[in-house]
Amino acid sequence: MDLQLNDKVALVTGSSRGIGKAIAFTLFEEGCKIILNGKNQILLKKTSQSFSNSTKFIVADITKPTQCKKLIKKIIHLYGRLDILVCNVGDGKSVQPGKETSEEWKKMFEINLQSATNIIEASKNELSLTKGSIICISSIAGLNVIGAPIPYSVMKSALNTYVKCAARPLGEKNIRINAIAPGNIMFEGSVWEKKETENPSLVKKILKDEVSLHRFGKPKEIAELAAFLSSPRSSFITGSVYVIDGGQIR
């Protein structure tokens, strides 16, 4: 299927590795001009070498509104437009249930919710001009109680609600917004890679007991849905949260 994405300009936040990198590369394969983003310049530069020489990377901490504005300004200076925004910054590493502190709540709010709202706020005028699309990478932890840290789960739940609520005002600006809620995704450097190395039998049991398809998901599987939701092929889809979890939540 031709997704009609050739020459579209796409910003993928948190794209130095894992799901973000996979989304960026899939969009690149579909003909998009890619801007990689993260906080680690060395890692971003290394990731960019997997793409063409024309692929740009911009270091910015998108939990900071001022840095978001500068990031979008640089993109418009480089390309003159922005068609696709993928909000992938997030972190599930938090404290055990019952150990929450005000600082931990603040950290999880900034990383898992405000990172998306900041960059959306900074880019919506530009996206309006191109009838753009926004994809937020959420988690099934925001939909069901699955044992994930409470602050993380609450912020992903808030992100899902934001996507649903924002669809109407953004739609009035000709912008679509959707979310993808992955389950357990395996990639190099992930929490699951560490767990599988430390206790493979326990991980095998978790997959057998909790996941209908008895396996991990792959970043590419998330990326292909993100590419479709970015494209004109999904032009009547907005305000939705799509679960990709191999049948984990019930």
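Laboratory data are not the source of any read-out in this text; all were calculated from the coordinates shown. For clarity, every value in this text was computed on a predicted model and none was experimentally measured. Glycine gets a Cβ as well: all are built from the backbone with ideal geometry, and neighbour counts include every protein chain shown.
Residues of segment 97-152 that are in a helix (DSSP H, G or I), in contact (Cβ under 8 Å) with a residue 60 or more places away in the chain and out of contact with any helix residue (DSSP H, G or I) (no Cβ under 8 Å at 6 or more places or on another chain): Ser115, Ile140. With respect to the stated conditions, Asn53 fails to be polar (S, T, N, Q) and under 19 Å from Ala226 (Cβ atoms). Apart from one condition, Arg176 fits all of (1) over 16 Å from Asn88 (Cα atoms); (2) surrounded by fewer than 22 Cβ atoms within 10 Å (Cβ to Cβ); (3) touching a strand residue (DSSP E or B) at 6+ places or on another chain (Cβ under 6 Å); the exception is (2).
Is there a residue in segment 208-218 that is without any contact (Cβ under 8 Å) to a residue 60 or more places away in the chain, in contact with a His (Cβ under 6 Å, 6 or more places away or on another chain) and more than 24 Å from Gln114 (Cβ to Cβ)? There is at least one residue in segment 208-218 that is without any contact (Cβ under 8 Å) to a residue 60 or more places away in the chain, in contact with a His (Cβ under 6 Å, 6 or more places away or on another chain) and more than 24 Å from Gln114 (Cβ to Cβ). Considering (1) of a type outside the set (S, T, N, Q); (2) more than 22 Å from the chain's Cα centre (by Cα); (3) in a helix (DSSP H, G or I), the lone condition that Pro169 does not fulfil carries the number (2).
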